[in-house]
Amino acid sequence: QVMQDKIICLPKRISPHNLHPVQNQTLVNISSGQFVTPAMLPLSRPASHTSIEMKGLKTNLDLQQYSFINQMCYERALHWYAKYFPYLVLIHTLIFMLCSNFWFKFPGSSSKIEHFISILGKCFDSLWTTRALSEVSGENPEEKDSKSSQKSHQVRVAPGLPNTEGNLVKTQSLRSIPEKIVVEKPTVSALDKKEGEQAKALFEKVKKFRLHVEEGDLLYSMYVRQTIIKVIKFIFIVAYNSILVSKVNFTVDCEVNIQEMTGYCKFSCNHTMAHLFSKLSICYLCFVSVYGLTCLYTLYWLFYRSLKEYSFEYVRQETGIDDIPDVKNDFAFMLHLIDQYDPLYSKRFAVFLSEVSENKLKQLNLNNEWTPDKLRQRLQTNAENRLELQLFMLSGLPDTVFELTELQSLKLEIINNVTIPATIVQLVDLQELSLYQCSVKIHSAALAFLKENLKVFRVKFDDIRELPHWMYGLKSLEELHLQGSLSPDLSKNITLESLRELKSLKVLCIKSNLTKIPPTIVETSSHLQTLRVQNDGTKLVMLNSLKKMVNLTELELIHCDLERIPHAVFSLINLQELDLKENNLKSVEEIISFQHCRKLTCLKMWHNSIMYIPEHIKKLSSLERLYFNHNKIEVLPSHLFLCNKLRSLDLGYNDIRFIPPEIGVLQNLQEFTITGNKVESLPDELYFCKKLKALRIGKNNLSVLSPKIGNLAHLTLLELKGNHFEGLPAELGACRALKRSGLLVEDALFDVLPSDIREQMKTE
């Protein structure tokens, strides 16, 4: 229409005296349709015989002059609105399109929208969504299906119903929606591993998307701005079009100063498209008005409530999933937008915002991954001879664990969100539970079961507040092992006061940074038999409270920076074993006080800085095991060997050069270790200890092994590595219990032995 836009002009009639005489003699050639003048006709022929004289107003203008006049009047006389109306419509349309589509093309906003639509569609179609919503509905799918079928059947077959009601059954209605869901439900109930992994990936995508999109409000701001621009544009268009639509006229008066060229200055013109443009402009105003009202409604929708916050309250009430969080900023805005299409999308999307739903999915995936058969393959016997299952760094605790009814010990390490369900009662043989850096929730029925059955409980924690409070009610507990950091102020903290309720507790192990023995531990003295305290080097002071723990039979104070043997220890008359490993002991003169501990059979002074062994160690006549290894001892007193009940003596890794012959007095000696010293020879009296089963003499300066080694018929372990032996005595063959695996010696030395002895030792 723009290309065909034309204006046709004719000169206006003026007074005859202003015209040139020739102008009144203009003729027109009827056959050709061209304007002619008398000068153009042949002079020999009368005019009346060759042409017809014009009856109307005669002009003396040719075609080019008319074209020139039309163009001049189009530019000068025609109103700009009539000329440019099509272009204005085009420009306004482009602006509206730009405003409506810019946020779909701008990278910062389009990427969010596309990602949101992609995730939304996957969440809507996910089988996990249908499963989660069906589980919280509280209705059995099969029952629901049968109810719907019965209801539909009753409606279809009931006699006397009008046809309209029969038609309603076939239409898509609220009543038919549950039927559709129920039909899909049997497939959903058997969610396979692949679908579970897809749902798990969706949870991660939703988390990351929410974290990213909730940071800003770019989408909301762009949508508000483009809507405001469209409203302003709408008002502007309606305003100026309403005013200027009357300027589009069919007849236009034109006055241009071109008289010298045409002989005329005033013209009357006809705008051929005026009628069409006037009608189009009215239609255009109507369309723009409708569009503008839509923009006004959108603007009202944007501001009558906050679209930067979105509450899932109705979803929480409808589904029963209470932990669905409310969202804000662009995330909230997009959910408001999708609600305008179908609120069901938001409802199904909300499932993937719920931690409860995510935990259920993780649990389902765990159960699929960790089948009972796979778990049974991981069963091992631990140091306490219990059948143990160890699980490390899982996303949760598989329910299939509780199908292993033979399980006796369960060890969980670095597992978040551990939930101990009531099904733990199936583990009738369970006696030991270890929780290493795990956050635990426990069902009341499971707690009741553990109170009656659990014997050993081990906990490793980073913060004292991570200790499960329910452990203080385990009335059948016999061993409690705690490992974690306690600040000095928390070493006497309130959470340990409940230990007095553990009436069956016999063994308490604390690996921490205690500065003193907590008073609550002393309160368990009536039944506590073993106390092990292992520090990280923190100095342990104020040990007088140990005097009250008279029933202790075993005490370990390891890495506690002790410089002397605590005097409180000498009051423990029932003490049988004392371990002071990795302290700062240099002198043990107080060792004579152990004579009051008449039941003491094991004394471990290893890994200290002890320079010598006092002679009055002979007073400890009840000792059976003595460990002085990893010290700085140079001389062994002969009085040491008056402890004639010794069965195990470890003097390894000192600076000892000589072993007194009095060692032969130890007729009960079964294990003797002198590894890592500077001994050059062994006394023959050593071979009088005929009960020896383990002899460790490696890493010394020995060059000869006495043939009397054959007297040790019970020898099963002989360590010789790291000496200067050139050969081994053939008498080793008399040690019938000694096998190749128990002879720790260089291969070259072993090959020197006679072949029959080698074969004898290789025979297991």
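The values are calculated or read from the model by the stated rules, or taken from the named source; none is laboratory data. Keep in mind the model is a prediction, meaning the values are calculated, not measured. A quick note on method: Cβ atoms are made from the backbone with ideal geometry, for glycine too, and the neighbour counts reach across all protein chains shown. Quick note on the areas: whole protein, heavy atoms, side chains included, nothing else; ligands and nucleic acids left out. Shrake-Rupley method; radii C 1.70, N 1.55, O 1.52, S 1.80 Å.
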Right, residue 520: assigned to a helix (DSSP H, G or I), at pLDDT below 85 and over 26 Å from residue 566 (Cα atoms) or not? no
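Whether any residue in segment 742-750 is at positive phi and assigned by the TED database to the domain that holds residue 659 is what I want to check. Give the derivation first.
Pass one, segment 742-750, residues at positive phi: none.
The answer is no; no qualifying residue exists.
If you scan segment 718-737, which residues turn out to be over 60 Å from the mean Cα position of the chain (by Cα) and basic (Lys, Arg)? Let's see the steps before the verdict.
Applying the first criterion (over 60 Å from the mean Cα position of the chain (by Cα)) to segment 718-737 yields 725-736.
736, the sole residue that qualifies.
Which members of segment 529-559 meet the condition of being of a type in the set (A, V, I, L, M, F, W, C) and either part of a helix (DSSP H, G or I) or in contact (Cβ under 8 Å) with a residue 40 or more places away in the chain (or both)?
Here is the first cut: in segment 529-559, the residues of a type in the set (A, V, I, L, M, F, W, C) are 531, 533, 540-543, 546, 549-550, 552, 555, 557-558.
Of everything in segment 529-559, just one residue is of a type in the set (A, V, I, L, M, F, W, C) and either part of a helix (DSSP H, G or I) or in contact (Cβ under 8 Å) with a residue 40 or more places away in the chain (or both), namely 546.
Which members of segment 279-299 meet the condition of being open to solvent by less than 80 Å² (accessible area, probe 1.4 Å), among the β-branched types (Val, Ile, Thr) and farther than 18 Å from residue 91 by Cα?
Start the filter on segment 279-299 by keeping residues that are open to solvent by less than 80 Å² (accessible area, probe 1.4 Å), which leaves 280-281, 283-286, 288-289, 291-292, 294-296, 298-299.
Restricting the remaining residues to those that are among the β-branched types (Val, Ile, Thr) gives 288, 294, 298.
If the condition is that a residue be open to solvent by less than 80 Å² (accessible area, probe 1.4 Å), among the β-branched types (Val, Ile, Thr) and farther than 18 Å from residue 91 by Cα, then 294, 298 are the ones that fit.
Quick one: which residue in 224, 206 is over 23 Å from residue 83 (Cβ atoms), surrounded by 19 or more Cβ atoms within 10 Å (Cβ to Cβ) and under 47 Å from the mean Cα position of the chain (by Cα)?
On the way: 224 fails: surrounded by 19 or more Cβ atoms within 10 Å (Cβ to Cβ).
Criteria check complete, one pass: 206.
Which members of segment 262-293 meet the condition of being part of a loop (DSSP other than H, G, I, E, B) and among the hydrophobic types (A, V, I, L, M, F, W, C)? Talk me through it step by step, then tell me what you get.
Residues of segment 262-293 part of a loop (DSSP other than H, G, I, E, B): 263-265, 272-273.
Residues satisfying the conditions are 265, 273.
Starting from residues that are assigned to a helix (DSSP H, G or I) and not aliphatic (A, V, I, L, M), keep the ones in segment 739-749 and report whichever is least open to solvent (accessible area, probe 1.4 Å).
For segment 739-749, the residue satisfying everything is 742.
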Could you tell me whether any residue of segment 563-586 is surrounded by fewer than 18 Cβ atoms within 10 Å (Cβ to Cβ), within 50 Å of the chain's Cα centre (by Cα) and on the phi > 0 side of the Ramachandran plot? no
Would you please list the contacts, defined by Cβ atoms under 7 Å and residues six or more apart or on different chains, that run from a residue in segment 613-639 that is touching a residue at least 12 places away in the same chain (Cβ under 8 Å) and at positive phi to a residue that is open to solvent by 10 Å² or more (accessible area, probe 1.4 Å) and aromatic (Phe, Trp, Tyr)? 630/606; 630/653
Can you report the number of residues in segment 588-600 which are open to solvent by less than 60 Å² (accessible area, probe 1.4 Å) and in a loop (DSSP other than H, G, I, E, B)? 3
From the residues in segment 363-379 that are open to solvent by 50 Å² or more (accessible area, probe 1.4 Å) and part of a helix (DSSP H, G or I), which one is farthest from residue 307 (Cα to Cα)? 376
I'd like to know if segment 330-342 contains one or more residues that are open to solvent by less than 90 Å² (accessible area, probe 1.4 Å) and more than 25 Å from residue 215 (Cα to Cα). yes
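Evaluate the following for residue 296: is it of a type in the set (A, V, I, L, M, F, W, C) and not in a loop (DSSP other than H, G, I, E, B)?
Numbers: of a type in the set (A, V, I, L, M, F, W, C): yes; not in a loop (DSSP other than H, G, I, E, B): yes.
So residue 296 fits the description; yes.
Table: residues versus (1) under 20 Å from residue 653 (Cβ atoms); (2) in contact with a strand residue (DSSP E or B) (Cβ under 9 Å, 6 or more places away or on another chain); (3) not in a helix (DSSP H, G or I).
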residue	(1), (2), (3)
680	yes, no, yes
687	no, no, no
723	yes, no, yes
733	no, no, no
737	no, no, yes
751	no, no, no
761	no, yes, no
Residue list for segment 698-716, restricted to those being surrounded by fewer than 20 Cβ atoms within 10 Å (Cβ to Cβ), of a type in the set (A, V, I, L, M, F, W, C) and out of contact with any Ser or Thr (no Cβ under 9 Å at 6 or more places or on another chain): 713
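Yes or no: residue 345 without any contact (Cβ under 8 Å) to a residue 12 or more places away in the chain, under 21 Å from residue 132 (Cα atoms), open to solvent by 30 Å² or more (accessible area, probe 1.4 Å) and assigned by the TED database to the domain that holds residue 116?
On the way: without any contact (Cβ under 8 Å) to a residue 12 or more places away in the chain: no; under 21 Å from residue 132 (Cα atoms): yes; open to solvent by 30 Å² or more (accessible area, probe 1.4 Å): yes; assigned by the TED database to the domain that holds residue 116: yes.
No: the conditions fail for residue 345.
Sort out which residues of segment 490-511 are at pLDDT 80 or above and in contact with a helix residue (DSSP H, G or I) (Cβ under 9 Å, 6 or more places away or on another chain), and write them in order of number. Show your work before the answer.
Keep residues of segment 490-511 that are at pLDDT 80 or above, which gives 501-511.
Result: 501, 502, 505, 508, 510.
Do we have any residue at all in segment 317-325 that's in contact with a helix residue (DSSP H, G or I) (Cβ under 7 Å, 6 or more places away or on another chain), in a loop (DSSP other than H, G, I, E, B) and surrounded by 15 or more Cβ atoms within 10 Å (Cβ to Cβ)? Let's see the steps before the verdict.
Residues of segment 317-325 in contact with a helix residue (DSSP H, G or I) (Cβ under 7 Å, 6 or more places away or on another chain): 319-325.
Keeping just the survivors that are in a loop (DSSP other than H, G, I, E, B) gives 320-325.
From what's left, surrounded by 15 or more Cβ atoms within 10 Å (Cβ to Cβ): 321, 324.
The answer is yes; a qualifying residue exists.
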Tell me which of these residue 360 doesn't satisfy, since it passes every other one: (1) in the same structural domain as residue 128 (by the TED database); (2) among the basic types (Lys, Arg); (3) farther than 30 Å from residue 311 by Cβ. (3)
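Check whether at least one residue in segment 257-276 is polar (S, T, N, Q) and open to solvent by 80 Å² or more (accessible area, probe 1.4 Å), and report yes or no. Reasoning before the result, please.
Step one: list which residues in segment 257-276 are polar (S, T, N, Q), which gives 257, 259, 262, 268, 270, 272.
Next cut, open to solvent by 80 Å² or more (accessible area, probe 1.4 Å) only: 257, 259.
Within segment 257-276, one or more residues are polar (S, T, N, Q) and open to solvent by 80 Å² or more (accessible area, probe 1.4 Å).
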Of the conditions (1) open to solvent by 50 Å² or more (accessible area, probe 1.4 Å); (2) within 15 Å of residue 392 (Cα to Cα), residue 412 clears all except one; give me its number. (1)
